[in-house]
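Below: one structure, written as structure tokens.
The values are calculated or read from the model by the stated rules, or taken from the named source; none is laboratory data. Note that the coordinates shown come from a computational prediction; the quantities given were computed from them, not determined experimentally. Reconstructed Cβ throughout: ideal geometry from the backbone, glycine too, with neighbour counts over all protein chains shown. Just so you know, the surface numbers come from the protein's heavy atoms only, side chains and all, with ligands and any DNA or RNA stripped out. Shrake-Rupley method; radii C 1.70, N 1.55, O 1.52, S 1.80 Å.
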Amino acid sequence: MSWLSRRFRAVGFGLALCSLGAVTLSPSTANAWWNNDDYTETKYPIVLAHGMAGFDSLFGIYQYFYAIPADLEDDGAEVYVTQVPQFNATEARGEALLAQVEEILAVSGAEKVNLIGHSHGGLDVRYVASVAPELVASVTTVGSPHGGAELADMLRDGLSEGGFGEAVLSFFADSLGDVLALISGSWGTEQDSVAALEALTYENSVEFSAAHPAGVPEDWCGQGDFVVDGIRYYSWSGDRALTNAFDVSDPLLGLTNLVYDEDNDGLVGECSSHLGKVIRDDYRLNHLDEVNQAFGLVHLFGPNPKSLFRAHANRLKNEGL
């Protein structure tokens, strides 16, 4: 299945080490192998969940979490990359994610998983933890709009319900979702871009948090409960829209950034991204940089996104997760 992404890689000097379909070494980490490096080796598998218009990989090559899974696996992590409908309500996406988590547990033999979601995927992982807490060890969200996204409110307010503009949006966005599903190997997933847009508005974020409150701060821009029902909650995000002149996605994020009153990553305000223990909300990253897009072109003086994911895997490991 395309969404269940496990990687087979050769090791330098012709060595290969396979376990449950995964190779934990690469030429760049040959020295780590000799030292039995297990920096990212968490107790439970790490499950990555993409955001709106996301995918696991395009044509089986280009990854949404660009080069991140392999980097985590290099030092011991067991990583799975999921895929849900590109455009749909959080509940629909969350149910699709839950089914995949259950399959991952069956395949891996693990009791729980560590969920990490980017953007809308952060809401999806919250949903899974809420409806099936026994399956989840930790929830981490990266650049996720827990307090809604001002851009979503602006777009929703500009479209009359059932009107022509809404129909146009639905046609083009749903068609984009179908194309992304096709070239990422998950053709047939149901797309509903209007429901996806509404899921990210402030009003719907309040309703969603009322139904799934774990980790949500009581005060705006505060931190939420770190541990709820035995599940640990974390979040981090960036606060820059323009980060690399060679990244073709930066100009678009520079425009969307203008919609926001607070510091943001181009699509999500830093305070809206808060959930549980806030690791940081001011990394020199924009919304796509947070998952090492595009092609790893990020801020020259900002953090390496792969290093952030590695450090977090080590954090989870040290927590016994």
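Some observations on this one:
- Pair list, Cβ under 6 Å, 6 or more apart: the range 266-289 residue touching a residue at least 24 places away in the same chain (Cβ under 8 Å) and at positive phi, other residue assigned to a loop (DSSP other than H, G, I, E, B) and open to solvent by 30 Å² or more (accessible area, probe 1.4 Å): GLY276/PHE226
- Filter result (without any contact (Cβ under 8 Å) to a residue 12 or more places away in the chain and among the hydroxyl-bearing types (Ser, Thr, Tyr)) within the range 129-163: SER160
- Verdict on GLU102 being of a type in the set (D, E, K, R) and within 21 Å of GLY177 (Cα to Cα): no
- ASP225 vs. criteria assigned to a loop (DSSP other than H, G, I, E, B) and open to solvent by 20 Å² or more (accessible area, probe 1.4 Å): yes
- Every residue from the range 60-75 that is open to solvent by less than 20 Å² (accessible area, probe 1.4 Å) and over 16 Å from the mean Cα position of the chain (by Cα): GLU73, ASP74, ASP75
- One residue from SER119, SER160, SER130 being open to solvent by 10 Å² or more (accessible area, probe 1.4 Å), on the phi > 0 side of the Ramachandran plot and polar (S, T, N, Q): SER119
- Residue selected from the range 194-219 under the condition touching a Leu at 6+ places or on another chain (Cβ under 9 Å) and assigned to a helix (DSSP H, G or I), by the criterion surrounded by the most Cβ atoms within 10 Å (Cβ to Cβ): ALA199
- Candidate set: the range 15-59, residues that are within 19 Å of LYS317 (Cβ to Cβ), of a type in the set (Phe, Trp, Tyr) and open to solvent by 70 Å² or more (accessible area, probe 1.4 Å); chosen: the one modelled with the highest pLDDT: TYR39
- Among residues of the range 290-316 being free of Cβ contacts under 8 Å to residues at least 40 places away in the same chain, farther than 23 Å from LEU58 by Cα and not in a helix (DSSP H, G or I), the one that is farthest from the chain's Cα centre (by Cα) is PHE301.
- Among the residues of the range 260-273, those that are open to solvent by 10 Å² or more (accessible area, probe 1.4 Å) and under 13 Å from CYS221 (Cβ atoms) comprise ASP261, GLU262, ASP263, GLU270, CYS271.
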